[in-house]
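One structure is given here, and the rest of the page talks about it.
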Amino acid sequence: MSVLCPTNKFKDPYYGPRRSMNPKRIGFLGFEGVAASELTRAVDVLAAATLDGGYGNRISCYQISTIGFTSECFRAESGIAFWPDSTLETASELDTIVIPGGDGLRRSLASETIAEWLMARVNETRRVVAIGGGIYGVAPTGLLDGREVTTHWRYASDVARCFPNLHVDPRRHLVKDGAFYTSSGPGAAIDLSLALIEEDYGRHVSSGVAQDFVSAPTNGNGQHKLPSPLVFDSQPANRFAELIPWIMRNLHEDLSINTLARRACMSPSHFNRAFKSVFGSAPGEFVETLRINEAKRRLSVPKRTLETIAASVGFADAQTFRRAFERRLGAKPRSYLKNFNGSSIAAASANGEAVLPQTGRISGAQKGLAIPTQH
């Protein structure tokens, strides 16, 4: 049996006289032994996403193409044949790359070929998506090391064994970690595509598409309700629970956003947003508060100069430390120490806890963090 790849209408550069946006380019990788359902389900959902172009015209949200290893057809596990639109060598720049699963991907040659191609493309691609077993094509790159991922439960133990640096949890349906998206299997392909649409174009567009692909639940009166919004499970608080103690142990080091983002295995922009959502303050403000808190404790140690204290908690020099201290506490370091109740300082030091910045809403996850003070 032979079928054509996704319709070529997405190659048409012009839809209607009032077109004003360019569809996002999405490439689906195809290979011998691909899981046809993971490829076609996701393609069908994304292809159905359109915007109102006026005068009865519809604007496609995505320009979809299939990318083969060669220009020859490739066959799915089921025997269905696909002809790719382009090859690994000829594929144009893409907004999103999607790797479906399939038995063929668990052969080392196929996974290595895809991993090598991804490494050459990742810096110019906004996101990389793995459906179910598609994680076998991404994991060899090392780009998922230290990240939260999910996959089909059948492959979870093997993925964890082959790639021990991944945090694999097959109980999670959709997981987003930075620019990398994973899903639990063929059944998640539709939900994954709807979540991508919602992320790109909002709830209204994704809901319209969902009505064609998702069975709507009913209420007690037998009336249909819209499906619930689909969101990616990213769980940033878990990662920050490990990050904050590390910051406290390394206050004297470079703690810029880029450094912290690398430590948390996130992109700087995603890290900044996630950090603010958990702690209610920007990473730089949070770090400065931790440094000031620790400096207050060290001020109580006899014979320590401001220069040594400033350097020990990460300030460039004593003058920078003085300005930050006065800005935060309204007094110069030595004056603050003289005016502060000595017994309170001793108690705080003995307790060994730093005061977290109170600059915004504190989530339940944050309240559970234990942050030891350095001695």
Next on the checklist: Give me the one-decimal nm value for the distance between modelled label points at residue 162 and residue 316, 7 Å along each residue's Cα-to-Cβ direction.
Outcome noted: 4.8 nm
Next on the checklist: How many angstrom lie between the Cα centre of region 64-120 and the Cα centre of region 253-317?
Outcome noted: 44 Å
Checklist outcome for this item: A student applying the Cα gyration tensor rule (rounded when a/c is under 1.5; otherwise prolate if a/b is larger than b/c, oblate if not) would label region 75-159 oblate
Item to check | Amide H contacts of residue 131 (H built 1.01 Å from N, under 5 Å, at least 5 apart or other chain) | outcome: 99, 101
Next on the checklist: Can you give me the long-range amide H partners of residue 50? Hydrogens built in the peptide plane at 1.01 Å from N, cutoff under 5 Å, separation of 5 or more residues or another chain.
Outcome noted: 61
Next on the checklist: Using 27 Å as the Cα-Cα cut-off, could you pick out the over-long pairs in 176/276; 303/332; 276/296?
Outcome noted: none
Checklist outcome for this item: Note, region 307-323: 3J(HN,Hα) by Karplus (6.51, -1.76, 1.60, θ = phi - 60°), whole Hz, Gly/Pro = x, goes 4, 5, 5, 4, 5, 5, 10, x, 7, 5, 7, 5, 5, 4, 4, 4, 4
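No value in this document is a laboratory result; all are computed from the given coordinates. None of these values were measured; they are calculated from a predicted model. FYI the Cβ positions are ideal-geometry reconstructions off the backbone, even for glycines, and counts take in every protein chain you see.
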